[in-house]
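The values are calculated or read from the model by the stated rules, or taken from the named source; none is laboratory data. Small disclaimer: the values here were computed from a predicted structure and weren't measured. Cβ placement follows ideal geometry from the backbone for every residue including glycine, while neighbour counts extend to all protein chains displayed. Protein only, heavy atoms only, side chains kept; ligands, DNA and RNA dropped before computing areas. Shrake-Rupley method; radii C 1.70, N 1.55, O 1.52, S 1.80 Å.
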Amino acid sequence: MINKPLIYKIIGSLLFIEAIMMCLCLAVSFYYRENDTLAFAITIALVSAVAVFLKLKCHHADNSMGRRDAYLLVTLTWLVFSLFGSLPFWISGYVPSFTDAYFETMSGFTTTGASVIDDVESLPHGLLFWRSMTQWIGGLGIAFFTIAILPSLVGGSMRVFSAEATGPIRTKMHPRLSNNAKYIWMIYIVLTIACAASL
């Protein structure tokens, strides 16, 4: 039996994080006084409303996670993150087709490298920052992102990791997967700061 309340609760928590990341993009857009500000404001309000609804509806969820739950969680996280992540592109009108906006966002979160935007540099700074942010998050994977940040995954982190991981899974990572994910994210952030400083 799939533990739907737990999955909704975790997705609600992740949507809060996505809204916070979009707030950074909103700040960039506001700083440059460009016309994507309203698109980010609308999206943040919508994402936050859905996150609050999911968290309130499922705050008493049982934290036990099975393998099916983990596979469904990873799948829904990709779909839902990309769905809401595509809204700034679409609402702002810079990517008029919702399908193209969804593709652009999914391409970022999966670090595929494909793009439907012919002239990327013509985008406003806020949308460029959001596009870069999706690729940055996708660099390690949403499942790693989930394991490192959400304490509600206690007991299910290995299942989430194995649901997204490709290839053989090292047994040495099993006991402290959550700690390993945090260390890897810290290294990733340090490398990001080093690269930004170099540029």
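Return yes when Lys9 is touching a Cys at 6+ places or on another chain (Cβ under 7 Å) and either surrounded by 20 or more Cβ atoms within 10 Å (Cβ to Cβ) or closer than 27 Å to Phe129 by Cβ (or both) and no when it is not. Yes: the conditions hold for Lys9. Within region 184-199, residues that are in contact (Cβ under 8 Å) with a residue 40 or more places away in the chain sit with their Cβ atoms under 9 Å from residues that are open to solvent by 60 Å² or more (accessible area, probe 1.4 Å), at 6+ positions apart or across chains, in these pairs: Trp185/Ile149; Tyr188/Trp136; Thr192/Trp136.
Yes/no per residue for (1) open to solvent by less than 70 Å² (accessible area, probe 1.4 Å); (2) without any contact (Cβ under 8 Å) to a residue 24 or more places away in the chain; (3) assigned to a loop (DSSP other than H, G, I, E, B); (4) within 17 Å of Ala19 (Cβ to Cβ):
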| position | (1), (2), (3), (4) |
| --- | --- |
| Leu73 | yes, no, no, no |
| Pro88 | yes, no, no, yes |
| Val95 | yes, yes, yes, no |
| Asp100 | yes, yes, no, no |
| Met106 | yes, no, no, no |
| Val116 | yes, yes, yes, no |
| Phe129 | no, no, no, yes |
| Trp136 | no, no, no, yes |
| Leu140 | yes, no, yes, no |
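The set of residues in region 1-39 being closer than 16 Å to Leu79 by Cα and not basic (Lys, Arg) consists of Ile7, Tyr8, Ile10, Ile11, Gly12, Ser13, Leu14, Leu15, Phe16, Ile17, Glu18, Ala19.
Here is a yes/no grid of residues against (1) closer than 28 Å to Ser132 by Cα; (2) in contact with a helix residue (DSSP H, G or I) (Cβ under 6 Å, 6 or more places away or on another chain); (3) at pLDDT 90 or above:
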| site | (1), (2), (3) |
| --- | --- |
| Pro5 | no, no, no |
| Ile20 | yes, no, yes |
| Cys25 | yes, yes, yes |
| Phe30 | yes, yes, yes |
| Asn35 | yes, no, yes |
| Ala41 | yes, no, yes |
| Leu46 | yes, no, yes |
| Val52 | yes, no, yes |
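The rows are residues; the columns are (1) surrounded by fewer than 19 Cβ atoms within 10 Å (Cβ to Cβ); (2) in a helix (DSSP H, G or I); (3) free of Cβ contacts under 8 Å to residues at least 24 places away in the same chain.
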residue: Tyr31; (1), (2), (3): yes, yes, no
residue: Leu38; (1), (2), (3): yes, yes, no
residue: Ile44; (1), (2), (3): no, yes, no
residue: His60; (1), (2), (3): yes, no, no
residue: Arg68; (1), (2), (3): yes, yes, no
residue: Ile91; (1), (2), (3): no, yes, no
